[in-house]
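Participant: So that we are looking at the same thing, I have put the structure below in structure tokens.
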Amino acid sequence: MFKTLTLLWGDPALRIASAAVFLFGCLVASIAPFMSVLAIERFGLSDAGYGALLLVSSVVAVLGSIGIGILTDQTAARRKIIQFTIGLALFGNILVWCWPSKGTFIAAHGFIIPLASTLFGQVFVLARLASQRFEPAHRDGILSAVRALFAVPFVVILPLWAVALRQGIDLLHVYFVIILCCLAMLLLFLFFWPDGAGWNEGKSGQGFGASLGEVVNPKVLTRLAATGAINAGSIMYMIVLGLSFEQLPNRDLGDVALFAGIVAGLEVPVMLSMGLILRHITRLQAIMLGAAIHGGFMISFPFVAASPSVWIMTIPLALGHGIILTLPLAYLQDLMGARAGAGGALISLQKVAADGISAALFAAATWLAGYGLAAALAGGATILGALSLIWLDAKQSR
């Protein structure tokens, strides 16, 4: 664990990638647990309307992810493309902050911000490119540590939001914090881009059609769908946590922030220990373990949400969540080999697939029963996704 952190700190390229992931984590920590509450409770969307918004944003993100990923490989202009993406995120959040309404919320979260959803994939690609100079045995550990830095802000920011919300601060202020995070990331890539990092190298030399063919290859798409199903449990966790707690008389938004913060805090050592875990089991075995634990939590969550025992559930949830948030990303990157931009697009597309699956499950479950069924269905999808991934790789081996 400590050796991995030393590698991150000692390498200038990994340092900037790590700082960017940390800032992106600050951004997501401020909106993810509360977005469904803002959409339904603050801006008046119905459950079906919010589900439709998630589906629309998924389609927009698909188009943006593929286009930006291929453009990045064709031009290798990573710095300019990242700056443009941050600018989109900045514009979308300023729109809601300055003119809060149902219309601006739909425009920002349905169309503008989804185009910026490729940002995490792009930054993760930078970390992967920087890690190539190290031994293969260290790379999974390095990428897991970088992913852990995404979770660290949840430990700090969410407890602060818990206190602020209990003091009566308007939830809309999350957009002000997000704007500050976007500005900080923009400054980072404007003034601290390290020379000689190799991030502007490696043009693919392929046309758009050939590059698109690599991404939509059936071997890739089936695995993308499987990892998307795994990650759907993570997306649904953030959706139903706030809505379920809001419905309970003994829970409030402060509990939402505190619960998510505890889980994130426990995830960090799990992610930093990923290299140690992978010495004893394979990557696919670890993904199956994480999916089984996380899926089990989601299935049981409706039954324990009102009970004090829900706080004990943060421990297994953090273990499962920490695994499924890290290892599938490295798995997807390896599918594209040297195509860093396409690999970044796959990370974004995996998020899109997860959003689409969770949106469909949310819409169906809330129409049939409620948030409890949505959580249970997502838990089942997570387990099924991991089993599918194992089956696909076993089939290919045969």
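Participant: Taking VAL125 and the conditions (1) of a type in the set (A, V, I, L, M, F, W, C); (2) open to solvent by 30 Å² or more (accessible area, probe 1.4 Å); (3) assigned to a helix (DSSP H, G or I), which numbered condition does it fall short on, given that it satisfies the others?
Facilitator: Only one criterion is unmet by VAL125, namely (2).
Participant: Among LEU284, LEU346, LEU319, LEU335, which is the only one that is at pLDDT below 90 and open to solvent by 10 Å² or more (accessible area, probe 1.4 Å)? Working first, answer last.
Facilitator: Values: LEU284 fails: at pLDDT below 90; LEU346 fails: open to solvent by 10 Å² or more (accessible area, probe 1.4 Å); LEU319 fails: at pLDDT below 90.
Just a single option satisfies the conditions, and that option is LEU335.
Participant: Do we find a residue being β-branched (Val, Ile, Thr) and open to solvent by 60 Å² or more (accessible area, probe 1.4 Å) anywhere in the range 248-260? Walk me through it before giving the result.
Facilitator: Within the range 248-260, the subset β-branched (Val, Ile, Thr) is 256.
Filter again for open to solvent by 60 Å² or more (accessible area, probe 1.4 Å), leaving none.
So far as the range 248-260 goes, no, none of its residues is β-branched (Val, Ile, Thr) and open to solvent by 60 Å² or more (accessible area, probe 1.4 Å).
Participant: Restricted to the range 10-35, and to residues that are β-branched (Val, Ile, Thr) and closer than 14 Å to ILE86 by Cα, which residue is farthest from the chain's Cα centre (by Cα)?
Facilitator: Applying the filter and picking the extreme gives VAL21.
Participant: Shifting gears a bit: Would you check which residues across the range 32-78 are farther than 20 Å from ILE357 by Cβ, among the hydroxyl-bearing types (Ser, Thr, Tyr) and modelled with pLDDT of 80 or more and list them?
Facilitator: SER46, the sole residue that qualifies.
Participant: When you check LEU119 against the structure, is it without any contact (Cβ under 8 Å) to a residue 40 or more places away in the chain and within 19 Å of LEU187 (Cα to Cα), yes or no? Give the derivation first.
Facilitator: Values: without any contact (Cβ under 8 Å) to a residue 40 or more places away in the chain: no; within 19 Å of LEU187 (Cα to Cα): yes.
The answer is no for LEU119.
Participant: Let me confirm something: among GLY110, GLY69, which residue is without any contact (Cβ under 8 Å) to a residue 60 or more places away in the chain and more than 23 Å from LEU180 (Cβ to Cβ)?
Facilitator: On the way: GLY69 fails: without any contact (Cβ under 8 Å) to a residue 60 or more places away in the chain.
Going through GLY110, GLY69 in turn, just one is without any contact (Cβ under 8 Å) to a residue 60 or more places away in the chain and more than 23 Å from LEU180 (Cβ to Cβ): GLY110.
Participant: Within the range 49-106, can you find the residues that are among the hydroxyl-bearing types (Ser, Thr, Tyr) and assigned to a helix (DSSP H, G or I)? Even if it seems obvious, please write down each step before you answer.
Facilitator: Our first condition is that a residue be among the hydroxyl-bearing types (Ser, Thr, Tyr); within the range 49-106, this holds for 50, 57-58, 65, 72, 75, 85, 101, 104.
TYR50, SER57, SER58, SER65, THR72, THR75, THR85, THR104, listed by residue number.
Participant: Just one of ARG133, ARG128 is of a type outside the set (Gly, Ala, Ser), out of contact with any helix residue (DSSP H, G or I) (no Cβ under 6 Å at 6 or more places or on another chain), closer than 21 Å to ARG79 by Cβ and at pLDDT below 90; which is it? I'd like the intermediate steps shown before the answer.
Facilitator: On the way: ARG128 fails: out of contact with any helix residue (DSSP H, G or I) (no Cβ under 6 Å at 6 or more places or on another chain).
Just one listed residue meets the conditions, ARG133.
Participant: Now, a different point. Please give the number of the condition LEU221 fails out of (1) aliphatic (A, V, I, L, M); (2) at pLDDT 90 or above; (3) open to solvent by 60 Å² or more (accessible area, probe 1.4 Å).
Facilitator: Condition not satisfied by LEU221: (2).
Participant: Does any residue in the range 238-260 that is within 13 Å of PHE34 (Cβ to Cβ) and of a type in the set (S, T, N, Q) come within less than 8 Å, Cβ to Cβ, of a residue that is in a loop (DSSP other than H, G, I, E, B) and open to solvent by less than 10 Å² (accessible area, probe 1.4 Å) six or more places away or on a different chain, and which pairs are these?
Facilitator: Cβ pairs passing all conditions: none.
Participant: Out of ILE81, ILE86, ILE113, report the one residue that is β-branched (Val, Ile, Thr), crowded, with 19+ Cβ neighbours inside 10 Å, over 30 Å from THR366 (Cα atoms) and in contact with a Ser or Thr (Cβ under 9 Å, 6 or more places away or on another chain). Spell out how you get there, then give the answer.
Facilitator: Numbers: ILE86 fails: in contact with a Ser or Thr (Cβ under 9 Å, 6 or more places away or on another chain); ILE113 fails: over 30 Å from THR366 (Cα atoms).
When all the criteria are applied, what remains is ILE81.
Participant: For the range 155-175, check the following and say yes or no: at least one residue is open to solvent by 10 Å² or more (accessible area, probe 1.4 Å) and at pLDDT below 80. Steps first, please.
Facilitator: So the first thing to find is which residues in the range 155-175 are open to solvent by 10 Å² or more (accessible area, probe 1.4 Å), and the list is 155-157, 159-161, 163-173.
Imposing the further condition that a residue be at pLDDT below 80 reduces the set to none.
No: the range 155-175 contains no residue that is open to solvent by 10 Å² or more (accessible area, probe 1.4 Å) and at pLDDT below 80.
The values are calculated or read from the model by the stated rules, or taken from the named source; none is laboratory data. Note that this is a predicted model, so its numbers are computed, not measured. Note that each Cβ is placed from the backbone with ideal geometry, even for glycine, and that neighbours are counted across all protein chains shown. Protein only, heavy atoms only, side chains kept; ligands, DNA and RNA dropped before computing areas. Shrake-Rupley method; radii C 1.70, N 1.55, O 1.52, S 1.80 Å.
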